[in-house]
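Have a look at the structure below before the remarks.
Please treat every number below as a calculation from the coordinates, not as lab data. Remember, predicted model here, so these are calculated numbers, not experimental data. No Cβ is skipped: glycine too gets one built from the backbone with ideal geometry, and neighbour counts run over all protein chains shown.
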Amino acid sequence: MLLNADLHIHSPYSMATSRSMTPESLLAAARMKGLDILGSGDALHPAWRAAWRDRPEDGSGIVVVPTAEVEDRHRVHHLILAESFDQFAELAEVFAPHSKNVATAGRPHVALGGEVIASAVHDLGGLIGPAHAFTPWTSLYARFESPAGCYGSERIDFLELGLSADTSYAAGIPDLAGIPFISSSDAHSATPVRLGREFTRLDVGVPGVRGVLDAVAGARIAMNAGFFPEEGKYNRTACIHCFRHYSLKEAEALGWRCPEDGKRIKKGVADRAAELAAAAPPERRPPYLHIIPLGEIIARVLGTASPATRRCGALYAELLAAFGDEITILTAAPTGDIRAVHPGVGDAVEALRIGRITLHPGGGGRYGGFSFDEPAAGGRPPHGSI
């Protein structure tokens, strides 16, 4: 069975997260989004483990996979998946002598290398892979040239692409041949505009957590879905202060200092992936579907400043009442039927699906943006402010 999974999220115990996140609010948002599988996030934290264990059965049928993210001694972030919260309790005990905050932080720092962390995860039957592998601050490719440089002789079970990359960025890197790619939201709140903004469609053979882990480990990836890479905040090489973009050659000539303000220029994901790619044709991979959160589309159509406005919320609820969930609206619902609810949203979803969109790349820590193109002569005119 084909199931939509978001395996990397966080809890109120991580930095810069919504304090109102609960298992109940996350599951409610997952239902609205159209997710069948949800990572718990932050399962090394004892209170968050208890919150998931003690929650009442909600009848949603959503499979909750115990997951956590850790930072190693090189500041590389790793995503860990396990079959039970008890395994994470054991893993926390293993990490405790090497971490000052494993019991207090949602995403703890562990003063061990990637190889030792991966070995501990594998010893307990879990899966591990680099989180947001290309992000220029805290990722595998920010610190190392290959997985072996970080993980040594230990295998990685998957690689998470991150918001500033899609499959095309990683498929040409020889060291990643045969390694499954997953896409996840890294959500820090329970709002549908964040949760599931990237997801992986898995071909799961056996219901439940074990079936999900087997699908990931067995590379049964039917599809990745997520941002256009240009929307990510580290896609282009850019100044971290004024966000001016530079070519790789320009940044190198400037010594990685912006002449406008003297601040650091950070290498973008697009340039980093190009450095790592081989000249040979990229490995064949499952399709990657580019999507934009429905809330952002609605905000653009209505001309509001944010998807959090009351008008956006009302239209979002009306669309969900008609079609069931957001992923269905973005990927499968007939655009004519969407237009019957709101013409502008129907036109915008059609524009997204056929690629009638202009991207404004992000870089240096500022997200990119998008705008919908005018249709060709004789085409359907746009509705609203898109």
Subject >> Relative contact order (percent, whole number), region 71-230, Cα cutoff 8 Å, 6+ residue spacing >> reply: 19
Original post:
How many lysine pairs does the chain hold where the Cα atoms are under 23 Å apart and the two sit 8 or more places apart or on different chains?
Top reply: 8
Original post:
Are there GluC sites (Glu not before Pro) in region 1-82 that DSSP marks as loop and that have at most 13 other Cβ atoms within 10 Å, and which are they?
Top reply: Glu57
Original post:
Relative contact order of the chain: what whole-number percent is it, with Cα pairs under 8 angstrom and at least 6 residues apart?
Top reply: 16
**OP:** Quick one: which residues, 5 or more positions from His132 or on another chain, have an amide H under 5 Å from its amide H? H modelled 1.01 Å from N in the peptide plane, none for Pro or chain starts.
**Re:** Glu160, Gly162
Original post:
In a shell of Cβ-Cβ distance under 15 Å around His8, excluding His8 itself, what net charge do Lys and Arg (+1) and Asp and Glu (-1) give?
Top reply: -4
**OP:** Pick out which of Arg310, Arg155, Arg143 has the largest mean-square fluctuation in a Gaussian network model of the chain, springs linking Cα atoms closer than 10 Å.
**Re:** Arg310
Original post:
Between Asp86 and Ala103, what length comes free when the chain is fully extended (0.36 nm per residue of separation minus the Cα-Cα distance, one decimal in nm)?
Top reply: 4.7 nm
Original post:
Taking the highest mean first, how do the peptides 99-111, 185-197 order by number of other beta carbon atoms within 10 angstrom per residue?
Top reply: 185-197, 99-111
Original post:
What ranking of His132, His74, His342, His360 emerges when the number of other C-beta atoms within 10 Å of each C-beta is taken as an exposure proxy, fewest first?
Top reply: His360, His74, His342, His132
**OP:** With a cut-off of 20 Å, note down the residues of region 12-38 whose backbone N falls inside the zone around a label point 7 Å from the Cα of Glu318 toward its beta carbon.
**Re:** 32-33
Subject >> Share antiparallel - DSSP beta bridges, the chain, percent rounded to 5 >> reply: 65
**OP:** State the extension gain, in nm to one decimal, for the chain segment bounded by Glu252 and Trp137, taking 0.36 nm per residue of separation less the distance between their alpha-carbons.
**Re:** 39.6 nm
**OP:** Please sort by residue number the trypsin sites (Lys or Arg not before Pro) in region 1-68 whose DSSP state is loop and whose Cβ has at most 11 other Cβ atoms within 10 Å.
**Re:** Arg19
**OP:** Counting other Cβ atoms within 10 Å, keep those with at most 13, restrict to DSSP loop, and tell me which GluC sites (Glu not before Pro) in region 216-310 are left.
**Re:** Glu260
